[in-house]
Each structure stands twice: as structure tokens, then as C-alpha cells.
Amino acid sequence: MPPTKPVDASLTPEDDAEDLTSRTDQRRERKASEEQLMQLGEALVGLSERHLARLGLPESVLAVVKETQRIPTSSARNRALRFVRAALRGEDIDAIMRKLGRTGKPMAKPRR
């Protein structure tokens, strides 16, 4: 008879469900999250100074967005949008999206 592992009483059913998430599912979730950040970043960069001020964004995000708005060429702007995404990663995205919705400027539809 093969030896059995002792049962860990601290594990909950949620832990088991988390363990069943495949790498593909995790990658899909990360890509969806990054796509959402990209759309939000593009929407923020497209806003006027007045709309940005009404959002009450953290100073670090606001500085990166304003710097990106100053960049005229598309390739450099795309690189700068990556910095906007990075700045947004630590922020409450849902709260920013709700504020953005209240300004009357809807987010752009996803590009396909």
C-alpha cells in the first residue's frame, strides 16, 4: 500500500479551486487585465486637462498621462502608453473607470 499524504485541515475548498486554474486560464486573465489597462490608458490620454482634473487621479498616474499627451509620434506614444499601463497597475481601476464614466467621456470600444 503506497504511503498517503497527511490531510491539511487548513485547506479550504477555495484553495482547491485555485489550484485547478490552468496556466492557460491564468494567462487569459492576465491578457484581459492588460487589455483593460490599455483601453483605460488610451482613454485617459485622450482626455482634456479639465476632464483629467475632475477624475482626481493619483499624482503619479496624472504625471505619466500628461507626459504621454505631449508625445506627437505614434511609436513613441505607444511606448509611453506602456508606462501609463504600468502606473495604473497599482491603482483601483474600477474606481477610475467609474469616475471616467461620470465625466461623460465613455471609454473607447476595444480594437479588434
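The values are calculated or read from the model by the stated rules, or taken from the named source; none is laboratory data. Worth saying up front: this structure is predicted, and the values here are computed from it rather than measured. Neighbour counts run over all protein chains shown; Cβ positions are idealised from the backbone, glycine included.
Annotations for the structure displayed:
- When residue 36 is tested against the conditions (1) within 17 Å of the chain's Cα centre (by Cα); (2) without any contact (Cβ under 8 Å) to a residue 40 or more places away in the chain; (3) assigned to a helix (DSSP H, G or I), the lone failure is (2).
- Residue match in segment 11-32 (condition: at pLDDT 90 or above and in a loop (DSSP other than H, G, I, E, B)): no
- Residue satisfying all of: in segment 47-80; more than 19 Å from residue 37 (Cα to Cα) and surrounded by 13 or more Cβ atoms within 10 Å (Cβ to Cβ); modelled with the highest pLDDT among these: 71
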